[in-house]
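Okay, so here's the structure we're looking at.
The values are calculated or read from the model by the stated rules, or taken from the named source; none is laboratory data. The shown structure was predicted, so the numbers you read here are calculated from the model rather than taken from an experiment. When we count neighbours, we look across all protein chains shown, and the Cβ atoms used for this are built from the backbone with ideal geometry, even at glycine. Just so you know, the surface numbers come from the protein's heavy atoms only, side chains and all, with ligands and any DNA or RNA stripped out. Shrake-Rupley method; radii C 1.70, N 1.55, O 1.52, S 1.80 Å.
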Amino acid sequence: MDVLMEGFSNTLTFNTILFIFLGVISGIAIGVLPGLTATMGVALLLPITFGMEPLPGILLLIGVYFGAVYGGTITAILINTPGTPASAATALDGYPMTQKGEARKALTIATLSTSIGGIISVIVLILLAPQLANFALQFSAPETFALALFGITIISSLTGKSFAKGIVAGLVGLLIATIGLDPIGGTQRFTFGSMNLNNGVNLIPVMIGLFAAAEAFRSVEKLFSKDKIEVAIKKTKLKWSEFKSLITTILRSAGIGTFVGMIPGSGADITAFIAYNEAKRFSKDKSKFGKGEMKGIAAPEAANSSLTGGAMIPMLTLGIPGDAVTAVLLGALIVQGLQPGPMLFEQDGVLVYGLFIGMLIANLLILILGIYGTRFFTKVLLIPKAILVPVIIMLCAVGSYSLGNNYFDVIVMLVFGIIGYFMIKNDFPASPLILGLILGPIMESNFRRALVMSQGDFSIFITRPITAVLLIFAFITLFSPLIIKLIKKKYRKI
Amino acid sequence: MKFNIPNFISGIIVTVLGLFFLILSFGIKTNSNDIFNASFMPKVYTTLIILFGISIIINSFKDKINHQTLKEYKGPILTMLLVTIYVIVIPILGYYLSTIIMIFAFLFIVKFENRVLLVLTPFIASALIYAVFEILLQVPIPKGSLF
């Protein structure tokens, strides 16, 4: 409790709240722009935090993350173009409401659902994360290896359209992680005589290249489309009685979002669709869905925002990011000298609780900005796309350089930007590669340590119950794409 | 015979990449005779990459035909070339001058019509980087040998 109070007082400073505010505003602006994702926003703004204290720095990025998920909703409702995939389900009923002249009401529902969903998920995070971290403290080398293997298996097999391509991306990440000196004996691997590669490939330029530069290259394809965007927001307000009728839907969807978010590899888009479908299933009049039903906005919005808190749980307690954005956030924590995992709660408890409080503030800021600032954010759509591409590139260059003042990192960013573009074009997901890069050293060193512990006896991975369970999970995960495919088929038919 | 060409090519690239690193991993010099030495994991990863690469090749004959056209690659590839030149000239011209030239060149390539923005954007963007990164956050910016 003391740690919670200390975290509370650390976060309630002018500077920290200002940075959360700036993060949320930038995030909403990024989310509004179709083509710019939450992951890209966090990767692009990551370098800004290098010189900052860990708490305001990480909270700025969390603000961007939460803001971008919400920002995508504004365009989904107003122009039927989800700014981020997380808002695809919201467009189903959000845009019909705009067509009926109820854009203001739709946006208010989305804002309230987002904030309430987000706050619920943070409360679950505060209650659940320390327990999970306590449990994870029992982990020794074999368990850590099994956990890393499970993490990489689940992300690789669940993200992307093709199972094989997801696994290849994860394996390539693991292979890249072996570049440099090996973690146990210090042997040089794949350094090609380069001094720069002795310490391995730096995570940050790879992330900036894959998530920001690659997306910038892709957006050039659509540069010649000149859609005129006209946004009109009419003043139809949400009534209290209408809001009351949505509360059950919001709570149910927040529960779905938080729970699904905890499973690594679950996407915000599919979670929103699951919540949408559940809202439809529970509704008395299903025929209204798709024609401007308020519950059709409340459900996906509460789900996709509560997913953000859920996804933080495995990232903070186990060091396994739930999705691409949390992978970038994990990188940000590492840059700040923190190691996400059970020890984080032991060593930096005040910071962790400060993050939780900051997340609550970010959700409240979304509520305020969403209600009063929508008109302003829609103006962002007027920025010509052609200007955004070179601006993103220049930020990529300065961002990758500034981490270690190393020009080599700029080259790494460019190389991964190009690789990332061709990966996107050929449906290879980028997040397993990043996860492979993060988990590779953990997996390898703990695997070898476990075998040293057992004097080369492999039974150590079967006889220890937690290890065995995690390895069974990893094995089951390999068969999960088939099940997920069936679920997606069912929900996408809506 | 019809097949998914992009998947076929990506399968080949993945397999060749795996093979290349597998051969290299046999050359990793270790002092340990233990099979779980520094070359063990790279061998496991590359072997799996090769196997999955082959599965992508095989599946490319079953996959739906992908209708990608070379035309859609034109813009991105031109941009990649421009960014490559940009990255090469940063150590010579310095970050700011290279950035101004890169933005201007990009907007010129995409035939950006608003002339005021065409001229102003490179300078405003660079000024913002200077203000935010160098002054406010004191984050280092790449310097060139000339500027």
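In deg cm²/dmol, rounded to 500, what helix-only [θ] at 222 nm does the protein assembly as shown give when every DSSP H run of at least 4 residues adds -39500 (n - 2.57) and the total is split over its residues?
Calculated at 222 nm, the ellipticity per residue is -23500 deg cm²/dmol.
Taking every protein chain into account, the accessible area of the stretch B:71-136 amounts to 55 square angstrom per residue (probe 1.4 Å).
How shielded is A:398-411 by partner chains, expressed as the average number of their Cβ atoms within 10 Å of its Cβ atoms? Can you show the working numbers first?
Details: counts 11, 2, 2, 7, 6, 2, 1, 5, 1, 5, 0, 1, 6, 4.
What the average comes to for A:398-411 is 4.
Spin-label model, B:K29/B:V16: points 7 Å from Cα along the beta carbon direction are separated by 3.0 nm.
Here the protein assembly as shown exposes an accessible surface that is 67 percent carbon and sulfur, computed with a 1.4 Å probe and the other protein chains kept in place.
Only four residue types carry charge here, +1 at the Cβ of Lys and Arg and -1 at the Cβ of Asp and Glu. Report the dipole size of chain A about the Cα centre in Debye, rounded to the nearest 20. Please report the intermediate quantities before stating the final value.
Values: 36 positive and 24 negative charges, 483 e Å.
That gives chain A a dipole magnitude of about 2320 debye.
Contour minus end-to-end for A:K161 and A:N15, with contour as 0.36 nm per residue of separation and end-to-end as the Cα-Cα distance?
Values: separation 146, 0.36 × 146 = 52.56 nm, distance 4.22 nm.
Gain in length upon complete extension: 48.3 nm.
On a C-alpha basis, how far is the centre of the stretch B:102-147 from the centre of the stretch A:285-322 in Å? Whole number, if you could? The stretch B:102-147 and the stretch A:285-322 have Cα centres spaced 38 Å from each other.
Farthest towards the positive end of the charge dipole of chain A, among the residues A:M195, A:L55, A:P432, is the Cα of A:P432, using unit charges on the Cβ of Lys, Arg, Asp and Glu. Inter-part distance, the stretch A:99-127 to the stretch A:327-364, computed on C-alpha centroids, equals 24 Å.
To the nearest 0.05, what FRET efficiency results for B:L117 and A:Y407 with a Förster distance of 30 Å applied to their C-beta separation?
Values: r = 30 Å, r/R0 = 1.01.
The computed FRET efficiency comes out at 0.50.
Largest first and in whole Å, what are the equivalent-ellipsoid semi-axes of chain A based on the Cα gyration tensor, each being the root of 5 times an eigenvalue?
Values: eigenvalues 257, 128, 99 Å².
Ellipsoid semi-axes (Å, largest first): 36, 25, 22.
Along the stretch A:431-442 the Karplus relation, 6.51 cos²θ - 1.76 cosθ + 1.60 evaluated at θ = phi - 60°, assigns HN-Hα couplings of 5, x, 4, 5, 5, x, 5, 6, 8, x, x, 5 Hz to successive residues, with x for each Gly and Pro.
About the Cα centre of the stretch A:295-416, what is the dipole size in debye to 20, counting +1 per Lys and Arg Cβ and -1 per Asp and Glu Cβ, all else neutral? Display every interim value, and only then the final one.
Values: 4 positive and 5 negative charges, 117 e Å.
In total the dipole reaches around 560 debye.
Is the shape of the stretch B:71-136 best called rounded, prolate or oblate, per the rule: a/c under 1.5 gives rounded, else a/b larger than b/c gives prolate, else oblate, with a ≥ b ≥ c the square roots of the Cα gyration tensor eigenvalues? All intermediate terms of the calculation are to be shown ahead of the outcome.
Values: a/c = 2.43, a/b = 1.35, b/c = 1.80.
Taking the square roots of the gyration eigenvalues as a ≥ b ≥ c, the stretch B:71-136 is oblate.
If r is the Cβ-Cβ distance from A:F376 to B:L146 and R0 is 30 Å, what FRET efficiency results, to the nearest 0.05? With R0 = 30 Å, the Cβ-Cβ based efficiency is 0.10.
Its alpha carbons considered, chain B gives a radius of gyration followed by a Dmax of 23.4, 68 Å.
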